[in-house]
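A short write-up of the structure that comes next.
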2 protein chains.
Amino acid sequence: MFFLKTLPSARMVEGYAGAHNVSAETIIDALTLMRRASQMIRRLESFFSSHGLSQLRFLFLIVIDREPDRDRLTVGEITDRLDVAGPVVARTLRVLEADGYVTSQKDEDDARTKQVRLTPKAHALLKRLLPDYFAILADEIERSK
Amino acid sequence: MFFLKTLPSARMVEGYAGAHNVSAETIIDALTLMRRASQMIRRLESFFSSHGLSQLRFLFLIVIDREPDRDRLTVGEITDRLDVAGPVVARTLRVLEADGYVTSQKDEDDARTKQVRLTPKAHALLKRLLPDYFAILADEIERSK
DNA sequence: TCCATTTATATATCATGCTATCTATCATGA
DNA sequence: TCATGATAGATAGCATGATATATAAATGGA
C-alpha cells in the first residue's frame, strides 16, 4: 500500500536533490501508479470485507478455481501462485477451512504434502462475487482515464 | 498489496461468468496496474528497511519536509496528508521520536494539538535517501515499458 | 457561567503481513 | 539399510495495518 494522499507537484519533485538524474515526470508517473493501485486495492478490500473475505482469501480460492484440468492444488502450489510468504498461506488455509470454503487432505503418495480443494460453498461464492469484482476493476480503470 | 504472481490470461478472464459486461482487456489492465504497483512497493519497502525505515515512516518525514513556508506540522495535519488511520500516525510518531527523527511539543495556543518537526538527523537522512528513492521509481517505470 | 458538544490525540485490541525456526517425511548414496 | 540432506508444511513471535473507544482541551449557546 502507498500512503500519500496528495502527490507532490513536478516542481516539488524537481526541488529535491537527486531528482536531476531522472525526469520529474517519470517520478510522478511512478507515484501516480502506486496511488491509483492503492485506491483500487482499498476499494477491493472493502468489497471483500463486506462479504466476509479478504483480497488474499479471495485470490487463494481463485488460484485453485482457475487451474485448468485440476480440481485441487497442494499448499506449495498455492504458495507458488500467491505473492505471500508460506506461513501466511498456512494460516489462510486454516481460516478458509474453518469457514467451510476449502477442504484439505494428505496426499496418499507423499504424506508431507496436502491437497486443497474448493467446496461447493466456495464455488457459489466466487460465482456471486466475480461480476462485482470485475465491475469494480473496470470502474477504477474508467474513472482514471 | 496485490498478491497474485501470475495474472490470468484474457481468455481466462473471459471464461469467468460476469466478465461479459466489461472487456477482458480492461480487467487485465487493472490487474496489471495493481501487480506493477505492488512490485514497486515491495522493492521500496525493502530499500527503506535496509535503512531502518519503512515507506510510511519515510512519507511521514517527507510530508513535513515538503511543506512550503513551514518547518512543523500538527499530528492532525500529518494525518490529513497520509492515507493511514489516526492511531497508526500516533504510533509512527512515537517510533520516529524514539529514533530521533522528529521532536514534538504541545502547541502553546491549543494544548490539544501537538507540533511535530524534523531533526537535523532526519534532514540528513532524507538528503541521503532521496536520490536512491527516485532511482528506484525511475527504474521500475523504465523496466515496464 | 457552565454543561453539552466538538475537536485533537492516544490507548486497547484485533487482523494479517513478515522472518526464523521446528517437525515430519522423503530421497539417496556409503 | 541407515545416516544425511532436502522438501513440505506448521508454529512462534514480531511489526504494523485497522476499528472502537477513551481522555483532555476548547467552544458555544442557555
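Listing for the model above:
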{"quantity": "Top-ranked residue of segment B:112-138 - restricted to ones that are of a type in the set (Val, Ile, Thr), over 17 Å from B:Phe47 (Cα atoms) and not in a strand (DSSP E or B), ranked as farthest from DNA strand D (Cβ to nearest atom)", "calculated": "B:Thr119"}
{"quantity": "Leading residue by the ranking (nearest to the other protein chains (Cβ to nearest Cβ)) among those in segment B:91-111 that are within 12 Å of DNA strand D (Cβ to nearest atom) and surrounded by 14 or more Cβ atoms within 10 Å (Cβ to Cβ)", "calculated": "B:Thr92"}
{"quantity": "Criterion: basic (Lys, Arg), assigned to a helix (DSSP H, G or I) and within 8 Å of chain A (Cβ to nearest Cβ) - qualifying residue of B:Arg36, B:Arg57", "calculated": "B:Arg36"}
{"quantity": "From A:Thr32, A:Thr6, residue being modelled with pLDDT under 95 and under 30 Å from A:Asp132 (Cβ atoms)", "calculated": "A:Thr6"}
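Conditions (1) under 30 Å from B:Lys5 (Cβ atoms); (2) within 13 Å of DNA strand C (Cβ to nearest atom), marked per residue:
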| position | (1), (2) |
| --- | --- |
| B:Arg57 | yes, no |
| B:Arg66 | no, no |
| B:Gly76 | no, yes |
| B:Thr79 | no, yes |
| B:Asp83 | yes, no |
| B:Leu96 | no, yes |
| B:Asp99 | no, no |
| B:Leu125 | no, no |
| B:Leu137 | yes, no |
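The values are calculated or read from the model by the stated rules, or taken from the named source; none is laboratory data. Just so it is clear, the structure is predicted and the values come from calculations on it, not from any experiment. Glycine also receives a Cβ, built like all others from the backbone with ideal geometry; neighbour counts cover every protein chain displayed.
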